[in-house]
Amino acid sequence: MSQEPVKIPAHIDEPPYVLFWRLDEVFPIGVGLVAGVLLAQLSLCIVAGLVLARFYRRYCDNRPDGYLLHAIYWHLGSLRLMKKEPRTMPNSYAREYI
């Protein structure tokens with residue numbers, strides 16, 4: 001058995017980074033790049049992607065981790081088969097439903 005040192009990450013819960021941006025912040029820039037190539041408006045779409053990434057970062061900085069995914073689920077997940085149901089929780093003390 002060899003006694004080689006094992007690298008332990010300092011922050012296990014950190015999201016993956018690309019250069020100095022989080023991976024979810026690079027996504028709008030990538031979408032802008034692809035849309036710019038398809039629409040032949042590369043510079044305009046990349047600038048729009050950068051602006052969206054900046055607004056996304058500002059939005060997420062003031063909220064807890066995973067807030068945006070929770071909000072998307074809250075608004076879209078409550079729609080069942082395009083029928084909007086009220087977003088309420090059932091009574092936790094009720095043991096029988098009629």
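Show the residue pairs that are 6+ apart or on different chains and have beta-carbon atoms under 9 Å apart, the first residue being within segment 37-56 and closer than 14 Å to residue 25 by Cβ, the second being among the β-branched types (Val, Ile, Thr) and open to solvent by 50 Å² or more (accessible area, probe 1.4 Å).
Taking only residues 6 or more apart or on different chains, the pairs are 49/31; 52/31.
So in segment 52-86, with the set limited to residues that are of a type in the set (D, E, K, R) and surrounded by 10 or more Cβ atoms within 10 Å (Cβ to Cβ), which one is modelled with the lowest pLDDT?
65
Taking segment 41-51 as the region of interest, how many residues are surrounded by 16 or more Cβ atoms within 10 Å (Cβ to Cβ) and of a type in the set (Val, Ile, Thr)?
So the answer is 1.
Please go through segment 5-26 and give me each residue that is surrounded by 15 or more Cβ atoms within 10 Å (Cβ to Cβ) and within 16 Å of residue 66 (Cα to Cα), ordered by number.
22, 24, 25 - these are the residues of segment 5-26 that are surrounded by 15 or more Cβ atoms within 10 Å (Cβ to Cβ) and within 16 Å of residue 66 (Cα to Cα).
The values are calculated or read from the model by the stated rules, or taken from the named source; none is laboratory data. In this text the structure is predicted, and so the values were computed from the model without any measurement. Glycine gets a Cβ as well: all are built from the backbone with ideal geometry, and neighbour counts include every protein chain shown. Areas reflect the complete protein model, heavy atoms only, side chains present, ligands, DNA and RNA absent. Shrake-Rupley method; radii C 1.70, N 1.55, O 1.52, S 1.80 Å.
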